[in-house]
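Beneath this line is the structure, given in structure tokens, with notes to follow.
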Amino acid sequence: MNLNKSMIVSATGQAMFGIGGPKTHKTAEFKGYCVSLEWDMADGEPVMLIWSPLGGLGAGVFGVCLSSAGKYANPDGKPTEECFMEAAAALPTLGRALIRLEVSTLVDVIIQFLPDLLTMPPASRASRLEAKGKGILEVTQTDVNGKVISESLL
């Protein structure tokens, strides 16, 4: 299976996720899905990206961010009702049929890799700075005497 599908970009064209590849924390295949644990390039938040190699060219990627991981499993590690609802809603995006078996399979994938998402280390400072890229606006604040108080690159 192709664990380096492509790149997801924001509306401004800035890279947000690599979807597999060398900068991920972990990639795996499980029950017909590809899983990539990586960091959001904008803010460094850990995220689990799931896609189906069987979904076809128009298929997308489903993501679970660390900040929303609690809605997918209860403290016992069992899937919540919301996990089943989110999995069902994600199936058309993944190019899969909306049937009970597919929902259960996707829920199994989410629950299998949720502990790995929860234990991911923070993104390195170097990778966050690299993802931030070059600024497009330089702002310099001066006092009444012309002395520079602060400089920022936005």
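Can you spot a residue in the stretch 35-58 that is at pLDDT below 95, assigned to a helix (DSSP H, G or I) and out of contact with any Ser or Thr (no Cβ under 7 Å at 6 or more places or on another chain)? Looking through the stretch 35-58, none of the residues is at pLDDT below 95, assigned to a helix (DSSP H, G or I) and out of contact with any Ser or Thr (no Cβ under 7 Å at 6 or more places or on another chain). Against the list (1) modelled with pLDDT of 85 or more; (2) among the hydrophobic types (A, V, I, L, M, F, W, C); (3) under 28 Å from the mean Cα position of the chain (by Cα), the condition VAL144 fails is (3).
Restricted to the stretch 95-111, and to residues that are aliphatic (A, V, I, L, M), assigned to a helix (DSSP H, G or I) and over 18 Å from SER68 (Cβ atoms), which residue is farthest from the chain's Cα centre (by Cα)?
Applying the filter and picking the extreme gives LEU101.
Has the stretch 11-27 got any residue that is at pLDDT 90 or above and buried (at least 17 other Cβ atoms within 10 Å of the Cβ)? Yes, the stretch 11-27 contains a residue that is at pLDDT 90 or above and buried (at least 17 other Cβ atoms within 10 Å of the Cβ).
The values are calculated or read from the model by the stated rules, or taken from the named source; none is laboratory data. Computed from a prediction, not measured in an experiment: that's the story for all the values here. Cβ atoms come from the backbone with ideal geometry, glycine included; neighbour counts cover every protein chain shown.
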